[in-house]
Structure formats: C-alpha cells, structure tokens
Amino acid sequence: MKKHAITLTVNGEERDLIVPSNRTLLDALRDDLGFTDTKYGCGTGECGACTVLVDGTTSINGCLTLAATMDGRSITTAAGLARDGDLHPVQQAFIDNDAIQCGFCTPGMVLKTISILDENPNPSEAEIRQGLEGSICRCTGYTKIVEAVQDASNRLSGLGE
Amino acid sequence: MGDLKVVGKRVERVDVRAKVTGGALYAADVQLAGMLYGKIIRCYDYAHARVTSLDLSDAAECKGVIKVLGPKDVTQREYNASVLDMMVSADMRGVLGDIDDQSIFTDHLKHYGDAIAAVIATSEAAAERAAEKIRVTYEELPVYLTAEASKQPDALQFRPEKPGNRAFELPEMAFPGNVYAWGEVEESFSEADFIVEDTFYVSKQKQCQMEPGSYIALYDDQQRLNCWTSTQMPKLVQKKLANLFELPMTRVRINATVIGGGFGARLGMVLEPETCALAMAVPGRPVKLLSPREEDWLTSPSRHPGKYWMKMGFKKDGTPVACDAKFENYKGAYYVDASGTAFTTGAWLGGMYKFDSLRYRGESYYTNQSICGAFRGYGNPQTNFVMEQLVDRGCTQLGIDPIEWRKKWHKTVGDDGWCMGVPYNSCALDECLDRAAEAIGWTEKRAKYQNQTGVKRRGIGVAVMNHTSGAMPMLLEHTVCDVLLHQDATATINLACSDMGQGSHTTLRQVAAEVLDFDYDDVHIATGNTDAAGFDIGAHASRTLYVGGGAVKQACEDVRRQLFDRAALELEEDAANLYMEDKIIHVKGASNKSISVQTLADQGVNNFMNPENGELIGQPGQIQGYASFFPPHNAPPFGATIAEVEVDMETGEVKVLELVNAHDVGKAIHPGVVEGQLDGGAQQGLGMALTEETYFDEKGICLNNSFTDYKMFGPSDMPKMTNILVENPDPTGPFGAKGVGEAGIVPPVGATANAIFNAIGVQILEAPITPEKILKALEEKANVS
Ligand code: FES
Ligand code: FES
C-alpha cells in the first residue's frame with residue numbers, strides 16, 4: 001500500500017510520520033503518536049468518541065478521516081486543552097456539572113462542545129441537544145452533559161465580556 | 001446522624017480530572033514494551049455449524065505472524081464466563097446445576113461470531129491479514145433462535161447434561177414444584193372477580209457501554225499470568241483464570257484498568273480467557289486483544305430476551321388475589337448465568353405486591369443467539385414491562401387510579417422482600433409516588449387525557465419497582481477493606497471494588513472521610529491490583545456502596561478505635577471519655593487535655609526511645625484498620641416513574657415528553673452521583689421500552705451488532721427529566737444508603753408502556769414498542785370494534 005510522509009501539528013507540537021493510505025487519523029493519533037485520549041467506540045462514525053478538532057474549532061470524527069488527508073493541519077485532542085495546569089472552561093464545566101461518569105465519551109464530548117459553542121456561543125437547549133447528536137453517552141442520559149454545555153456557554157461568554 | 005461533613009455533599013469525583021483531560025487509562029490505552037496483537041477468527045457464515053476442516057498453515061506463513069492457535073493448541077478445560085458459580089456454596093452449585101460449557105476455541109459453533117482459532121502477530125494489521133488466510137469448511141446445523149424451537153424433541157442437543165436444551169429451571173430441591181411461590185394459586189384465582197392474562201415478549205437489549213472490550217495478558221518471567229482488563233469483578237476473574245489455567249491465585253494478577261461503562265457487560269469474564277490463552281502461548285510477550293464494536297457486541301452478554309406469560313386475579317374492590325407467571329428466556333449459546341436471571345425475574349415480581357398467592361416459573365433454554373447474562377436490573381426491567389402493564393390493565397377495568405392501587409397494595413416494611421424470609425426494613429415508596437404525582441400533575445393530566453380524538457394523543461403512566469443492595473442472602477456478599485494510616489495523618493483505603501463510572505470510588509471515599517473525621521482530600525482509595533487487595537465479589541447487584549461502603553466504614557471505625565485506645569493511654573483517660581474533632585482527640589469536659597491524630601500516627605511509625613529513661617515515646621506500630629465485611633441485609637431500594645408521552649395515531653411514533661423519577665435511596669451519599677444513575681438508567685429504560693432490540697435473521701445472522709443499526713435514545717430524543725431523591729435512611733446501610741446503580745433503569749420501562757396504553761387504549765405486548773407494533777395493534781383494535 002502507498003505510504004505518505006505527513007506532518008501533523010498535534011496540540012501545538014509538530015509531528016512527522018509516515019502513514020499508509022488507509023490509516024485513519026484515529027489510529028495515527030492513538031497508535032503512532034500515543035494520543036490515547038482520543039477513543040475508539042465504533043469505528044463507523046456513529047459515536048463521536050474519536051472526535052478531535054481541526055485547525056482550532058472544527059470537530060471531525062477521527063475514525064472516518066484518513067490521516068494522509070490531514071497533512072499540514074493542526075489537530076487538538078482533549079489532552080491539549082489545559083493551559084499550565086488550568087483546565088479549559090468547558091472541561092471545568094463538565095466536572096462542576098457532574099457530566100462525567102465512565103468518562104469514555106468525555107474527551108469527544110468536550111471537544112464537540114467547543115465546536116458547538118464556537119459556531120453558536122449562546123445555544124438554546126434544543127440547539128445543544130441537536131449539536132450533540134452523533135456523540136453517544138451511555139452513562140448520563142445526556143442531562144448533565146447538556147447542563148455542562150449551558151454552563152460552559154455562560155462561562156465562555158462571561159470571559160468574552 | 002449529627003452533622004455530616006463529607007457525606008451528602010457534591011464533592012469533586014475522584015477520577016474526573018483524569019477523564020476530562022484524557023489521561024485516564026482504559027485497557028486499550030495501555031501499551032507495553034514488545035507488545036504483540038491477537039486476532040480471533042470467528043464464524044460469520046453460520047449461527048450453528050460444525051467445523052469439518054481447519055487449515056491454519058497459510059496464516060502461519062504470513063509476515064509478522066508469531067503463532068497461530070487452533071482449538072487443540074490451548075487449554076482443553078471448559079469454563080463458565082460468568083461468576084454465579086463462585087457466589088454460592090458448592091452444595092448450592094450442585095442444586096442449581098451450573099455448568100462449564102465454554103471453550104476457548106471450538107469446532108461446534110453455536111452462535112454467529114463463535115470463536116474458532118486465533119493469530120498472534122507483531123501488529124494488529126498483520127494479525128488481521130493473517131486471519132483472512134485461515135481456511136475453514138463447515139457442516140451447517142439447524143438453527144434454533146427461540147426456546148419454542150430448541151425445546152422441540154427432535155432438536156439437536158447443545159449439552160448432554162441439559163436434556164431438551166433446557167439449561168435451567170428452578171430446581172426442585174430449593175423450589176418445590178420448580179416454582180417460586182407462596183399461597184395456593186389455583187384456589188386464590190377461584191376467589192377472583194376477574195382475571196387479566198397475556199403473553200409478552202421482552203427484548204434482547206445490549207448494554208452498549210462505550211468502551212469496547214480490550215484486554216492485555218502477559219505470562220511473565222516469574223511464571224505469573226498478568227491480565228489488564230476493565231472487568232467489573234477483579235477478584236472473581238482472578239480466581240476464574242487461576243482455575244482455568246490451573247495456577248495458584250498468587251500467580252494470577254488482574255490489573256483493573258479504568259472501566260468505560262459496564263452495566264453488567266463486564267460481570268465475570270468476557271475475552272480474558274482467550275487473551276490469556278494467547279499470552280500463555282508466547283511466554284514473556286504481552287498480547288493485546290482489541291474487540292471491534294461488532295465483535296464486542298457478540299461476545300459480551302446481553303439482556304435475556306424471551307416469552308413472559310403472566311396472569312393476575314383481582315376482586316372487584318381491587319384486592320390482588322393471585323399472580324401466576326412464567327418466563328422462558330432465550331439463553332443463547334452458552335450457560336453463563338442461566339440460573340440467575342431465571343430466578344431474579346420472578347424475585348422482583350414476588351417483591352412488589354401483596355397477592356394472596358403467587359407462583360413463578362423461570363426457565364432458560366439454549367438458543368443459537370449470542371450469550372445473555374447480566375444487564376443492569378437483572379430481570380427487573382423484563383418484569384416491569386409485563387407486571388406493570390397487567391396491573392394497569394386491571395386498574396383500568398376496575399376503574400381504580402393506578403397510583404392509588406399501587407399505594408394500597410405494594411409491599412412495605414415487614415413484608416417479605418424479593419427473597420422470602422428477608423422482610424423489608426425500610427420503604428418510602430408512598431412518598432415517591434406522591435411526590436412524583438405532584439411534580440408531573442398526575443391527577444389533572446390523567447383526567448385531561450380521557451376521550452381524546454386527534455391524531456396526536458397524549459398519555460401518562462406510572463410504574464414502580466423494588467430492587468436490592470447486594471445479593472445477600474441468595475449469593476455471597478463479602479468485601480475486605482484495609483485502611484493504612486500514614487504518619488502524616490492521611491489514609492489510604494485499599495480494596496478491590498471497581499468503579500464502573502457510577503462514582504463508587506468517590507462515595508466510598510466520602511464514607512471513609514466521614515467515619516475517620518478526615519477531610520475528603522486526606523483519604524485516597526487505592527484499587528486495581530489484585531495482588532494487594534483482599535476479597536471482593538465485584539460490582540454487581542447495586543452493591544458497591546452498600547457492601548463496599550459497609551466494609552470501608554467498619555475498617556475506618558477500626559482505625560478510630562485504635563486511635564482512641566492509644567489516646568486513652570497517652571492521656572490516661574478512659575477511651576469512652578474521649579471525643580474527636582478536627583483530628584484532635586480531646587477529653588470530655590477537660591479542654592486542655594488532648595492529643596492530635598497526627599501525633600499518634602507519627603509516633604506509631606517513627607517510634608523512638610527516650611534516651612534518658614529508656615521508655616518508648618508514644619505507642620509504636622503503624623495503625624491499620626481492617627474489615628472482612630458480610631452485610632446483614634440487602635436494603636432494597638424502591639422507586640417510581642411517571643412518564644408522559646405523545647403518540648401519533650397515523651405513524652405510530654411515540655414522543656416521550658417527560659419523566660419524573662422518584663426513588664427511595666436511603667441516603668444520597670453524593671446527590672450528583674445518584675442523579676447520574678437515575679438519568680443514565682432512564683436513557684436505557686426508555687430504550688428497552690421503545691427502541692432497543694438485537695435482531696437476527698432466520699439463519700441466526702445478527703443484523704444490528706453496531707451503533708449504525710441499533711437505535712438508542714440520543715440527546716434530542718430524551719424527554720424533560722426530573723429526579724426526586726427520597727431520603728429515608730435504611731437501618732443497615734452506611735449512613736442509611738441503599739444501592740441505586742440499577743434502580744433507575746427499571747420503572748421507566750413500565751411507566752412508558754403504561755403511558756402509551758393511557759394514550760391509545762391498547763397495550764403493546766412486545767418490547768420494544770415500535771411504531772409498526774403500535775399501528776398493528778391499533779388496526780386490530782379497530783377491526784374488533
Ligand atoms: S469511533 Fe469514531 S465515531 Fe465512533
Ligand atoms: S460518561 Fe460513560 S459514556 Fe458518557
């Protein structure tokens with residue numbers, strides 16, 4: 001199979017790697033680069049556990065994206081959100097609203113939330129729920145996740161004031 | 001209970017920082033030097049077949065392949081992946097008839113995805129490429145997907161010990177007449193003014209925990225078998241693997257990794273035996289086995305589906321005189337815990353209402369479906385779907401309000417619980433019903449939704465449940481806990497209880513801090529290593545807080561007692577005359593006489609002799625607390641759900657508008673944790689009622705073992721949700737707490753079904769209640785009238 005030499009900037013650090021054409025971004029992140037905070041839940045684009053951000057705020061499913069197509073792009077995973085030990089406001093909102101149980105969906109949910117709030121800083125509850133479609137959580141019934149997103153929206157707009 | 005400092009507070013959970021940054025290590029995230037990868041070859045052509053030839057030679061030649069293993073290359077011992085056989089006495093095991101009927105690999109394939117062989121290679125990709133080179137030929141065998149099919153006299157027998165393919169029925173020795181019963185059912189029915197009766201179907205729901213099965217095993221240089229797994233039951237899996245591979249327990253170590261959801265799917269073993277068998281074949285090399293979602297679906301147990309018949313008799317005034325029921329479940333290909341659910345399904349039925357007489361029969365039949373086992377609620381959601389619909393049918397015919405009927409006839413303190421002879425010692429179900437009714441506006445809505453005519457019709461329904469906190473006295477309940485008091489007056493609590501994500505390590509730490517009178521931050525819960533931790537059954541049956549918490553409480557009380565004894569010596573006072581506040585032990589009524597826990601702890605570790613008089617300074621010996629705890633009861637929680645739905649009479653679509661869940665939780669050690677259990681349980685309960693089912697075609701090929709085709713409630717499907725925590729302390733629970741891990745899934749099932757009945761006037765007898773089934777039922781009703 002054809003191999004590609006690519007460069008990814010992951011959480012601000014530049015990484016060179018060689019990937020076969022069919023290598024997914026998820027596998028490249030987890031297995032080649034050790035970013036195991038990006039999770040495999042289904043491999044078919046249904047669950048959102050593999051969500052990462054591209055070039056800041058666009059969320060994509062790592063399991064549906066070929067690594068080779070991401071050459072030169074910047075990728076953010078959950079491990080790259082905290083700054084000097086301070087959690088990102090979205091992460092803090094997930095903790096404060098008890099929105100984390102088993103935590104397997106959490107990295108993807110947090111990243112998805114960042115992209116939802118980037119598009120729409122003050123979403124309604126229905127818009128939040130719509131935005132979270134495609135991100136499965138089997139533990140929380142989504143109640144506290146929705147509350148966390150609302151809280152994060154308040155915190156972020158507070159910051160922007 | 002005085003002022004509680006930590007218990008009852010919404011403290012930050014112990015694990016959320018690691019989880020929110022992605023630092024938490026689940027089994028798939030663990031990477032070891034020299035790691036090899038396993039791939040299991042499964043049969044996806046047939047659900048029932050015999051392997052007539054197996055050729056591994058081409059696969060063995062593939063690049064990167066280290067070893068290829070067929071059925072003869074691994075241990076020939078059979079096993080039972082479940083652990084129920086370890087929770088009962090040897091005598092009881094014989095009575096129940098639990099058997100070992102699983103093999104690592106087999107040439108008699110009994111379900112879609114059964115295992116034939118495996119490849120070990122240097123990478124996942126190499127293992128997968130080699131797996132494709134394995135050549136198998138099969139002899140196709142007849143496929144039995146239901147109990148009705150597999151019990152036919154000419155059906156091929158799954159196991160010689162289980163004639164008629166009946167894996168289990170309630171054994172005569174423990175249940176005379178093979179029934180769980182009280183009273184004289186036939187006689188009682190003769191006193192009934194009217195009877196309701198029907199046969200229902202309950203579905204094969206899947207846990208769908210977000211983390212698919214991932215395992216690592218290493219047979220190391222000390223000839224120890226190490227296994228990394230996110231099992232719910234580290235200590236029982238340790239013993240199971242020791243038995244299977246004929247090793248002493250000292251040579252088996254489970255490294256319990258962070259669990260990405262359990263809900264019963266990881267009760268006992270899943271692919272630990274296969275992974276360990278691969279590792280034993282390549283000593284010194286770690287082997288990783290990662291189940292794709294589709295494989296995890298077929299290899300971990302589901303809920304037990306099956307036919308559930310029930311009959312109830314009432315007097316005109318509503319008095320419930322008799323209940324008769326039979327659940328024949330479609331067990332799947334292997335025995336696993338055929339005995340457990342077949343019993344408990346009836347136990348939850350028996351624990352609910354004051355029928356004069358009750359009789360329940362539970363039977364498990366082998367089928368060519370993937371295995372069934374534990375799933376949150378363990379038979380209770382099935383019973384809720386059937387029992388609660390029949391009660392509402394009765395109430396409708398009697399013209400009695402369903403909440404009033406339930407308040408009048410549910411069992412309560414002093415009545416036998418799910419286990420006869422173990423009476424309830426607390427019950428706040430009336431308060432649950434009253435508060436839920438008030439919160440949703442039951443009376444007004446119930447009146448308003450009579451005689452609707454439009455396309456969209458609303459309905460409101462109620463259901464109640466009883467459950468348990470641990471499985472005592474049917475099953476062993478035991479947790480060992482050690483508390484190590486450090487010289488800086490902080491404490492490490494060492495035990496084997498796992499946290500499936502529900503928050504049990506957090507609540508256990510709260511219990512410890514409260515008993516020790518320490519800050520939450522001064523206590524650490526250490527788990528995950530079966531070398532160090534004493535016995536624990538594992539996370540199941542809503543037991544971890546109730547039993548594990550009981551153990552933690554007792555072990556911390558042991559520490560306190562030792563501190564007080566030492567303080568008594570130092571202060572030359574009677575221990576009974578001392579009290580502790582902010583880590584200082586004082587003499588009652590003498591404010592100047594005190595000693596700090598810090599001093600006592602430090603002197604215990606750093607103990608020196610006074611060089612002047614040769615006497616020891618303080619009391620030597622590091623303080624450790626210990627408990628080997630067997631709970632005195634099972635503190636059943638109760639709960640009620642009221643659901644409101646809107647049904648489209650033209651499309652059959654059901655929209656769930658609101659759920660109010662009111663639960664008697666004893667004491668909420670951490671309200672956020674409890675709410676989380678009710679929220680998450682409700683999502684699964686709604687799924688069981690309305691959307692979730694694993695489908696097979698007539699050849700037994702599974703049609704939806706993936707998130708693509710298995711429909712769960714998503715964020716926008718979820719209704720408005722209100723949780724009401726009724727705190728009525730149980731006399732036996734730690735700080736009055738009861739288990740709530742499973743309760744949340746149960747009553748949403750019956751309440752949703754009853755709300756649909758209220759909206760459309762017909763009952764749907766098969767779960768899940770899909771739009772097609774609603775339209776069909778409406779059509780049948782129209783034809784009749
Ligand atoms: S793993 Fe990518 S969406 Fe599920
Ligand atoms: S917290 Fe477990 S899947 Fe979301």
Accessible area per residue, 1.4 Å probe, Å², for the protein assembly as shown: what's the number? 35 Å²
Taking alpha-carbon centroids only, the stretch B:593-613 lies from the stretch B:343-412 a number of Å equal to 60 Å
Once you list every other residue whose beta carbon is under 15 Å from the beta carbon of residue B:565, what net charge do they have if Lys and Arg are +1 and Asp and Glu are -1? -3
Cα-based shape type of chain B, given that a ≥ b ≥ c are square roots of the gyration tensor eigenvalues and the cut on a/c is 1.5: oblate
Within the stretch A:12-48, which residues have the backbone N less than 11 Å from the label spot 7 Å out from residue B:706 along Cα→beta-carbon, could you tell me? A:42-46
Spin-label pair residue B:220/residue B:408, simplified geometry with 7 Å Cα→Cβ offset, distance in nm: 6.6 nm
When you look at the Cβ of every residue in B:5-14, what mean number of other chain Cβ atoms sits within 10 Å? 1
Taking only the alpha carbons of the stretch A:89-156, the radius of gyration and the largest Cα-Cα distance, Dmax, both in angstrom, are 10.3, 28
Run the paramagnetic zone check for residue B:157: 7 angstrom along Cα to Cβ, then residues of the stretch B:167-199 with backbone nitrogen under 16 Å. B:167-168
Once B and A are treated as a pair rather than alone, how much accessible area drops out, both sides summed, in Å² to 100, probe 1.4 Å? 3600 Å²
Lysines with Cα under 19 Å of residue A:3, excluding same-chain neighbours fewer than 8 positions away: B:63
In the protein assembly as shown the DSSP beta bridges are antiparallel at a rate, in percent to nearest 5, of 75 percent
Alpha-carbon spread of the stretch B:1-117, three principal axes, descending order, Å: 71, 48, 26
What net charge is computed for the residues neighbouring residue B:531, neighbours being all others with C-beta under 12 Å from the C-beta of residue B:531, Lys and Arg scored +1, Asp and Glu -1? +4
Charges only on Cβ, +1 for Lys and Arg, -1 for Asp and Glu: so what's the dipole of the protein assembly as shown about the Cα centre, in debye to the nearest 20? 1200 debye
Once a ≥ b ≥ c are taken as the square roots of the eigenvalues of the Cα gyration tensor of the stretch B:43-167, is the result rounded (a/c under 1.5), prolate (a/b larger than b/c) or oblate (a/b not larger than b/c)? oblate
Please compute the contact order of the stretch B:47-150 in relative form: average sequence separation of alpha-carbon pairs under 8 Å and at least six residues apart, divided by the residue count, as a percent. 50 percent
Assigned charges on the beta-carbon of Lys, Arg, Asp, Glu; the stretch B:597-732 dipole about Cα centre (debye): 440 debye
Between the stretch B:552-566 and the stretch B:456-507, how many Å separate their Cα centres? 22 Å
Relative contact order as a percentage, the stretch A:1-159, C-alpha pairs under 8 Å and 6+ apart, gives 24 percent
Taking the Cα centre of chain B as the origin and placing charges on Cβ (Lys, Arg +1; Asp, Glu -1), which of B:255, B:496, B:423 is farthest toward the positive end of the dipole? B:255
Long-range amide H partners of residue A:35, meaning residues 5 or more apart or on another chain whose placed amide H is closer than 5 Å, are A:30
Going 7 Å from the Cα of residue B:172 along its beta-carbon direction, which residues of the stretch B:130-160 have the amide nitrogen within less than 20 Å of the resulting point? B:160
So, in nm, how far is label residue B:141 from label residue B:450 when the simple model puts each one 7 Å beyond its Cα toward the Cβ? 5.8 nm
Below 8 Å between Cα atoms, with a sequence gap of 6+, how large is the relative contact order for chain B in percent? 15 percent
Just to be sure I understand the model, the point goes 7 Å from the Cα along the line to the Cβ. What's the resulting residue B:439 to residue A:57 distance in nm? 3.7 nm
Just name one of B:743, B:775, B:706: the one whose Cα is farthest towards the positive end of the charge dipole of the stretch B:698-785 (beta-carbon charges, Lys/Arg +1, Asp/Glu -1). B:775
Out of every Cα pair in the stretch B:547-702, what percent are spaced more than 24 Å from each other? 63 percent
Dipole of chain B, Cα-centred, from +1 at each Lys and Arg C-beta and -1 at each Asp and Glu C-beta, to the nearest 20 debye? 920 debye
From the backbone phi of the stretch B:642-650, what are the Karplus-calculated ³J(HN,Hα) couplings (6.51 cos²θ - 1.76 cosθ + 1.60, θ = phi - 60°) in whole Hz, Gly and Pro given as x? 10, 10, 10, 10, 10, 10, 8, 5, 8
Using the beta-carbon distance between residue A:21 and residue B:31 and R0 = 30 Å, what value does 1/(1 + (r/R0)^6) give for FRET efficiency, to the nearest 0.05? 0.75
State the Cα centre-to-centre distance between the stretch A:88-161 and the stretch B:424-441 in whole Å. 32 Å
Rounded, prolate or oblate (a/c below 1.5 giving rounded, otherwise prolate when a/b exceeds b/c) for the protein assembly as shown by Cα gyration tensor: rounded
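The values are calculated or read from the model by the stated rules, or taken from the named source; none is laboratory data. Small disclaimer: the values here were computed from a predicted structure and weren't measured. As a convention, Cβ positions derive from the backbone with ideal geometry for all residues, glycine included, and neighbour counts pool all protein chains shown. The area values use the complete protein model at the heavy-atom level, side chains included, leaving out ligands, DNA and RNA. Shrake-Rupley method; radii C 1.70, N 1.55, O 1.52, S 1.80 Å.
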